[in-house]
Each structure stands twice: as C-alpha cells, then as structure tokens.
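Here's the structure, in structure tokens; my notes come after.
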Amino acid sequence: MLERMVETVLEVLVPLCEMMGILVIAVSTCTAFWQYIRGLFTHASRDVKSKLASGLALSLEFKMAAEILKTVLVRDMTELVVLGAVIILRALLSFLIHFEMKQHDIPEQETIGGTVK
C-alpha cells in the first residue's frame, strides 16, 4: 500500500520537476536573449552570460531532483546504472557551469612583467 502511494506521488512529482527545469531554461534563455538584444541597441553593458549560466544551473538542479526521485522507482540494476550515469553527467554539467560563473565573476587583475599583482 505504501509502495503504491509513493509510486503515485512520484508519477506527479518527477514530471513536475522536469517541467520546472524546462520552464527555467526557457525563461532564462528568453530573458538573456532580450537583454543581449537591448544591449546591442543601447550599448549598455549587461551581464548576460552570468545570468544565463545562473538560469541553466538552476534548471539542472530541478532536473537532477527529478532523477534522484526516479531512483526510488528503480526495479533492476540496469535502470540504476542508467540513472546513475544521467545524474553524474548532470552534476558534472552543473559543476562546469558554476566554475564558469566563478571565473567570469573574478575581476581582471593587472599584471606587471607577467606576474599577477
């Protein structure tokens, strides 16, 4: 009985998390593109890359949440291996996006004679 209830709840939660991730991607992409276009015409500096990366990182978190919830429904080892691979790939993508965001946020440092000041 409890197992059937968990399956029923997860049948709603997993697609909901997936859709939230897709929605975040769509909104952040459209917003970043709009800011980029506005920046072309106004010549104002906008941090489009950082905002887009932030949205993509958030969407990956929603997608990973869905994958983690799917692990509850795993019936055999092959499903677990596939889910594990997907989770590892999404975690790696998330790490790379966060790394890129940190690199982008570091202010450019002046160099004198090739050494960082």
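Odds and ends about this structure:
- Pairs, first within 10 Å of Gly55 (Cα to Cα) in region 11-29, second of a type in the set (S, T, N, Q), C-beta under 8 Å, six or more apart: Gly21/Ser59; Val24/Ser59; Ile25/Ser59; Ser28/Ser54; Ser28/Ser59
- Here Ser59 qualifies as part of a helix (DSSP H, G or I), touching a Gly at 6+ places or on another chain (Cβ under 6 Å) and either surrounded by 12 or more Cβ atoms within 10 Å (Cβ to Cβ) or not charged (D, E, K, R) (or both).
- Of residues in region 53-86 being within 12 Å of the chain's Cα centre (by Cα) and of a type outside the set (Gly, Ala, Ser), the one farthest from Cys17 (Cα to Cα): Leu56
- When each of Glu18, Glu61, Glu7 is tested for being modelled with pLDDT of 85 or more, under 29 Å from Asp105 (Cβ atoms) and among the acidic types (Asp, Glu), the lone residue that passes is Glu61.
- Scanning region 30-84 for residues that are touching a residue at least 60 places away in the same chain (Cβ under 8 Å) and either basic (Lys, Arg) or under 21 Å from His98 (Cα atoms) (or both) turns up just one, Lys70.
- The residue of region 53-108 that is nearest to Val24 (Cα to Cα), among those that are touching a helix residue (DSSP H, G or I) at 6+ places or on another chain (Cβ under 7 Å) and of a type in the set (Ser, Thr, Tyr), is Ser59.
The values are calculated or read from the model by the stated rules, or taken from the named source; none is laboratory data. Since we're looking at a predicted model, the values are computed, not measured. With ideal geometry, Cβ positions are generated from the backbone for all residues, glycine too; neighbour counts draw on all protein chains shown.
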